[in-house]
Amino acid sequence: MTTSIHEQYPPGYKWSVLTIVMIGTFMATLDSSIVNVSVPVIMSNFGVNIDDIEWIMTGYMLAFATFMPLTGWVRERIGYKKTYIAALFLFTLGSVLCGFAWNLPSLIFARVIQAFGGGALTPTGMSMVMEVFPPKERGKALGFWGVAIITGPAIGPTLGGYLTNDFGWRSIFLVNLPVGALGMMMAAEMLLKDMQHKMKKKPFDFWGFAFFSIFLVSFLLGMSKGEREGWTSHYILTCIALSALSFVGFLLVELHVQNRIIDLSLFKIPVFSIAIFITIVRSIGLFGSTFLIPLFVQQQLGYSTMQSGLLMLPAAVFMAVLLPFMGNMADKIGPKIPAVIGLSILAYSLFIYRRIDLMTSAWGLIWPMMVRSVGLALLMAPINTTLMNSVPHEKIGMSSSMNNIFMQIGSSLGIAFFGTSLSHRAVYHISVVSQSIRTNNIVSGAVIERLAHHIHGAGYTYVQSAVMAHSVLSQTIIQGAMVMSYQDTFIIGGMIVLIAIPASFILPMKAVHHPHKESGENQMVAME
């Protein structure tokens, strides 16, 4: 009788792996948000402008996404254990170099090194968890793993603000050193040795990797810079053209090579394709709204960066509590019901913000995010588990990389789309309100006259009062138009999420387990 590969591990080994993976995942996700609050301080310290400083975020994002497709090939060459420890080392080394950066170029360079490690940590860690947990327990495992994904970005702004205020901006990077060192020691001591036959010496798909990397870099760069540069600018059109050409080149290469850097054949599995589509839509809704809410509370309500970070913390904590329960549920029921309900709740949470205005209280901002957390918790573990269980056992690493790549694409699309929609709706509302005032000169004249009278009573001259009254009216118009543009954008975002609901009905009612027979040859590790 053949023994399942999962029964050959020492007792409790799978939970040790999960703990180690959660440490690395927490570090990688924490750094995605902890830097943002320190940007003004770094700008002042290095004497650079906003266009230059953006590259510490943009460079990280591009390097993170570029290295992610490469991790599958690296894992098969040197094994999971060495790949994960190397990724932790690169991330920690990059963090230390960031902490000792002497100018902006050295900081950007260090962030790229940090991102190479971070880009390998998440897909490798996810693959390791899926390897050591049997299919019937993977939902529970991914539920706990999701806690690290959520808590990192959630506490990032608050922790970043505290460290920057009390210890300086360099501390936000150096804080990774003890955590990274602990993770590497635990991985070296507790992870078992990789089996030699697991480490395949297949050739590297250089042209596939090159074309796909160019596609990702040009696509993500275009999405992140589109609003600033203008969507019809030469810069953005060049990015779009380059991404389209490189994507075509990538497809042509992958059709003619055997050892592909990205296995497109997985899209022939209907459940996998639907799960990827839902992952993209979920990322659009999550990252688009996460982008808009801090923007609204800081620019329209006057919240500080620290206050906006604290505003988003309760929902993240609530979701972290929910995820293990939802993950356990994913092992018992199929993905259809959680997907349909989760997408509906996520869309509803965005529709709630259609009533957002300048009088909205802190609780009025928090509770829709709490609702969103329920929807996201229903989507994360069940969909991730379904996506990974739908592929053959030996393709788990590849599916993990593809899942993370498409999450990155979805997050970039969400931020770009929500930002563009906000700008377009603001232009529309400003135009409409301004036209309405011009057609009601008597009313606007009366308003300006009353404002000028009150301002004159404060000690200003008649000329100054008139100028200031016109300025106050203009600011009021712009502010009102901006509030309406936020309302419209949240409605449009909710409608985008609803698009994925019909696809979710195609998902199976029962938990997905690929029929591929597991054997000792598929084992990731063996006892030394």
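The values are calculated or read from the model by the stated rules, or taken from the named source; none is laboratory data. Since this is a predicted model, take the numbers as computed values, not measurements. FYI the Cβ positions are ideal-geometry reconstructions off the backbone, even for glycines, and counts take in every protein chain you see. Note: accessible area is taken over every heavy atom of the protein model, side chains too, but ligands, DNA and RNA are not part of it. Shrake-Rupley method; radii C 1.70, N 1.55, O 1.52, S 1.80 Å.
Between V257 and K136, the FRET efficiency estimated from the beta carbon spacing at R0 = 51 angstrom works out to 0.90.
Centroid-to-centroid, using Cα positions, the range 80-96 and the range 210-238 are 29 Å apart.
Full extension of the chain segment joining F351 with L237 gains 37.8 nm, where the gain is 0.36 nm per residue of separation less the Cα-Cα distance. Under 15 Å from a point placed 7 Å out from the Cα of Q299 along the Cα-to-Cβ direction: which residues of the range 203-221 have their backbone N that close? Under 15 Å, as judged by backbone N against the label point of Q299, lies no residue of the range 203-221.
Calculated FRET efficiency, Y428 to L264, Cβ-Cβ distance, R0 = 45 Å: about 0.65 to the nearest 0.05. Residue ranking by accessible heavy-atom surface, 1.4 Å probe, largest first, among F67, F167, F173 comes out as F167, F67, F173. In order along the range 403-410, phi translates into HN-Hα couplings of 4, 5, 5, 6, 5, 5, 4, x Hz, rounded to whole numbers, per the Karplus curve 6.51 cos²θ - 1.76 cosθ + 1.60 with θ = phi - 60° and x for Gly and Pro. For the range 138-284, the spread of Cα coordinates along the three principal axes comes to 51, 50, 29 Å, biggest extent given first. Of D166, D263, D488, D52, the residue with the largest accessible area leads and the full order is D166, D52, D488, D263 (1.4 Å probe). Between the range 287-319 and the range 123-173, how many Å separate their Cα centres? Each part's Cα centre sits 19 Å from the other's.
The protection proxy used here, the mean number of other Cβ atoms lying within 10 Å of each residue, ranks peptides 209-219, 267-277, 120-130, 386-396 as follows, highest first: 120-130, 386-396, 209-219, 267-277.
So, taking all protein chains as they sit and a 1.4 Å probe, how much accessible area belongs to K332, in Å² rounded to tens? Rounded to the nearest 10, that gives 150 Å².
For V340, V321, the ranking by accessible surface with the largest value first comes to V321, V340, using a 1.4 Å probe.
Look at the Cα gyration tensor of the range 62-159: its axes a ≥ b ≥ c give a/c of at least 1.5 with a/b at or below b/c, and that counts as oblate. With all protein chains present, how much of the accessible area of the range 30-128 (probe radius 1.4 Å) comes from carbon and sulfur, to the nearest whole percent? Its accessible area is 72 percent carbon and sulfur atoms. FRET efficiency for the pair S344 and V321, taken as 1/(1 + (r/R0)^6) with r the Cβ-Cβ distance and R0 = 22 Å, rounds to 0.55.
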